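The structure appears below as structure tokens.
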Amino acid sequence: MNHNLKTIGILLIGGATALLIPYTMLTISFEYPDILRQDTGTVLTKFYQGGNSLIWTWFAFAITGIPLIPAYIMIGQKFENKAPLVRMATTIGVIGLIVQMIGLLRWTFVVPVLADTFVHAADEATKAAAIVSFKTIHQFGGVILGEHLGQLFTIAWTVMMTISFAKLKLMPKWVNTLGIISSVIYLMAQAELFATVMKNFAVWNMAGFIGSTLWLIWLIVVGIMFVKRNQSAAAE
């Protein structure tokens, strides 16, 4: 039992911390996420210029969250008999992680082809086709899968787990409060997605960055708390 708590904690801390590394690299090398607000031609050209190192960075960003999958499952197995929400939350959380990975992997396996086509296009028609293709895959893989479904499911998992943690008295109140606050701000970032298809839709540009950062901090804190509980139990 105690070993499981420590393992869960390490997986949560490791997965959340690892995500920050490629994300930081992308903000420096690719001006992400601000680059997405520029025109498609600029995005494809800058991506092409990034070369293989940029492709590998996107691949790392997509897969570094993998340790969170067994962590979610182990939390589910450990607490599903004590809190009714946990079993449903686990399924929702794992689906959320997987669809976000699928969305991010488009930058590794789809965008490089489009960027290459755009940069080496012999005529404007081919360039236009590459731009339309990018917009289509970005709206489907990025907006629908990664950001809409992925983030909504992650928010749902966070809220349900926070309620369960409160019921089981597993976490201090401030940790549960941080979970709810990060979820609410993260949810506000959904406005950006609707703004891609509806003109003049009200958007708070910082919601995605602040919400996701607070969520990662919450995840790391939860991991630390699990490790501490394990140490306390072992000392008794």
Review point. Residues in region 179-190: is at least one at pLDDT below 95, under 20 Å from Gln38 (Cβ atoms) and of a type outside the set (S, T, N, Q)?
Key: yes
Review point. Given the structure, is Thr177 part of a helix (DSSP H, G or I), in contact with a Ser or Thr (Cβ under 8 Å, 6 or more places away or on another chain) and either exposed (fewer than 14 other Cβ atoms within 10 Å of the Cβ) or hydroxyl-bearing (Ser, Thr, Tyr) (or both)?
Key: no
Review point. Is there a residue in region 42-64 that is out of contact with any strand residue (DSSP E or B) (no Cβ under 9 Å at 6 or more places or on another chain), closer than 30 Å to Thr126 by Cα, outside any helix (DSSP H, G or I) and not aliphatic (A, V, I, L, M)?
Key: no
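So which residues in region 31-59 are small (Gly, Ala, Ser) and in contact (Cβ under 8 Å) with a residue 40 or more places away in the chain, if there are any at all?
Within region 31-59, just Gly41 meets the criteria.
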Review point. Applying the selection to region 111-137, what residues are farther than 21 Å from Asn52 by Cβ and not small (Gly, Ala, Ser)?
Key: Asp123, Glu124, Thr126, Lys127, Ile131, Val132, Lys135, Thr136
Exercise for review: May I ask you to verify whether Leu36 is surrounded by 20 or more Cβ atoms within 10 Å (Cβ to Cβ) and hydrophobic (A, V, I, L, M, F, W, C)?
Suggested key: no
Check your understanding: If you check Ile8, Ile21, Ile13, which single one turns out to be in a helix (DSSP H, G or I), under 17 Å from the mean Cα position of the chain (by Cα), more than 18 Å from Pro112 (Cα to Cα) and modelled with pLDDT of 95 or more?
Key -> Ile13
Exercise for review: Could you tell me which of the residues Ala122, Ala233 is farther than 25 Å from Ile102 by Cα and part of a loop (DSSP other than H, G, I, E, B)?
Suggested key: Ala122
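The values are calculated or read from the model by the stated rules, or taken from the named source; none is laboratory data. Treat the numbers as computed from the prediction; the structure is a model and nothing was measured. Please note: Cβ atoms are built from the backbone with ideal geometry, for glycine as well, and neighbour counts cover all protein chains shown.
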